[in-house]
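What follows is calculated from the coordinates using simple rules that are stated; it is not laboratory data. Worth saying up front: this structure is predicted, and the values here are computed from it rather than measured. Note: ideal-geometry Cβ built from the backbone for every residue, glycine included; neighbour counts use all protein chains shown.
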Amino acid sequence: MNEASEDLLAEVTDWYGGRLARPCGADERLFSSGRLDSLTLMEMVAWAETAHGVVIAPEDLSLANFDTARQLAAYLSGRGASA
């Protein structure tokens, strides 16, 4: 993982951690575990689109892309986002 990707992962981990009110591990399952819910998913989409200038298509809203901070960082990075 390059430095930009590490920075993006740190930013995403911080965002998720803020919703949990505690530190969040990069590979911690958040939605599938029930720790975060669908309303938080919509908040995350709004944050990611605003903060990183990406458009998240409805068909991309899946656990494979958003269940962990690492998955979200990889998704955003694949769309050209950086921290």
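Between beta-carbons, use under 14 Å as the cut-off and find the net charge around Val54, counting Lys and Arg +1, Asp and Glu -1.
Neighbourhood net charge equals -2.
State, as an integer percentage, the relative contact order of the chain based on alpha-carbon contacts under 8 Å between residues 6 or more apart. Each step should come with its number before you reach the end.
Working: 83 pairs, mean separation 35.4, N = 83.
So the answer I get is 43 percent.
For region 6-21, list residues with backbone N below 20 Å from a point placed 7 Å from the Cα of Thr50 toward its Cβ?
What the label zone holds, given the 20 Å backbone N cut-off, is 8-21.
Gain in length, Arg29 to Ala64, computed as 0.36 nm per residue apart minus the alpha-carbon separation, to one decimal in nm? Each step should come with its number before you reach the end.
Values: separation 35, 0.36 × 35 = 12.60 nm, distance 1.06 nm.
Difference between extended and current length: 11.5 nm.
Taking 0.36 nm per residue of sequence separation and subtracting the Cα-Cα distance, how much length would be gained by fully extending the chain between Ala10 and Met42, in nm to one decimal? Each step should come with its number before you reach the end.
On the way: separation 32, 0.36 × 32 = 11.52 nm, distance 2.01 nm.
Result for the pair: 9.5 nm of gain on full extension.
How big is the convex hull of the Cα atoms of the chain, per residue, in Å³?
Details: hull volume 6.9 nm³, N = 83.
Given the Cα convex hull of the chain, per-residue volume reads 83 Å³.
Considering only Ser32, Leu72, Val45, whose Cα is most displaced toward the positive end of the charge dipole of the chain, charges sitting on Cβ of Lys, Arg (+1) and Asp, Glu (-1)?
Ser32
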